[in-house]
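First comes the structure, then the notes that go with it.
Quick note: the coordinates plus some simple rules give every number you see, no bench work behind them. Since we're looking at a predicted model, the values are computed, not measured. Note that we place each Cβ from the backbone using ideal geometry, even for glycine, and neighbour counts take in every protein chain shown.
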Amino acid sequence: MQAWTQFYATVGTAAAALLGLLFVVVSTNVAVTIGPREPVSRRLTEQAFQNYLAVMMVAFLALFPGITATDFGMVTLFTTAIWSAWVFVRFWQTVALRLKQREDTYLRRHITSLIGFGILLVSAFRMALNLGNADDWFAASTLVLLFSATAVSWELLRRIADRTPK
């Protein structure tokens, strides 16, 4: 993991900064982002937060001093497996909401999260069981999740702008 220290320090810092900005936007626009009449915005907010946190978790684990590749893979596999369950629940809730409201624009935003968490699970599994080097795949998963969270955050900002009284 030593060879990837600079990468994970940069990715973790970017995720933390973007998460902080998202927190400010959400907290200053609570009614529009997570209000009871905003189920789509609430799902977008949850997805962005979850993706940024997943990137930070992987970065922090990768930067943990002296962690072996196997331990890194095991811890990441365990936490990501639990986390992925909520990703699928949120995806299912979005599908159900879409069928109810006939709103499909935000369904596609979940696909990149599913892909990012899928890559993260597979690479953690490979690393935990010593099935080959998965460093590149770990890096790819963090980038997919980071870009996905940023795209979702942008969509959320657009929704806030559309809903905010002028």
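When the Gaussian network model of the chain links Cα atoms closer than 10 Å, the mean-square fluctuations of 40, 25, 87 top out at 25. The distance between label points at residue 9 and residue 89 comes to 3.7 nm (points 7 Å beyond Cα on the Cα→Cβ vector). Among complete DSSP H helices in the chain, those whose alpha-carbon atoms stretch at least 15 Å along the helix's long axis and whose mean Kyte-Doolittle hydropathy reaches 0.5 are 5-28, 39-62, 69-101, 109-128. Estimate the FRET efficiency between residue 136 and residue 71 by the formula 1/(1 + (r/R0)^6), using the beta-carbon distance for r and 22 Å for R0, to the nearest 0.05. Efficiency, rounded to the nearest 0.05: 0.70. By the count of neighbouring beta-carbon atoms within 10 Å, fewest first, 24, 55, 144 end up ordered 24, 144, 55.
Exposure proxy shown here: for 74, 127, the number of other Cβ atoms within 10 Å sets the order, fewest to most, as 74, 127.
Placing one identical point scatterer on every Cα of the stretch 1-97 and ignoring solvent, what is log10 I(q)/I(0) from the Debye formula at q = 0.17, 0.18 Å⁻¹? Taking Cα atoms of the stretch 1-97 as identical point scatterers yields -0.84, -0.90. Taking volume of the Cα convex hull per residue in Å³ as calculated from this structure, the corresponding entry among [x] 101; [y] 119; [z] 139 is [x]. For the options 128, 96, 139, a Gaussian network treatment of the chain with springs between C-alpha atoms closer than 10 Å singles out 96 as fluctuating the most. Residue exposure proxy: 67, 82, 160, ordered by other Cβ atoms within 10 angstrom of their Cβ from fewest to most, comes out as 82, 67, 160. Rounded to the nearest 20 debye, the dipole magnitude of the chain is 780 debye, with +1 charges on Lys and Arg beta carbons, -1 on Asp and Glu beta carbons, and the Cα centre as origin.
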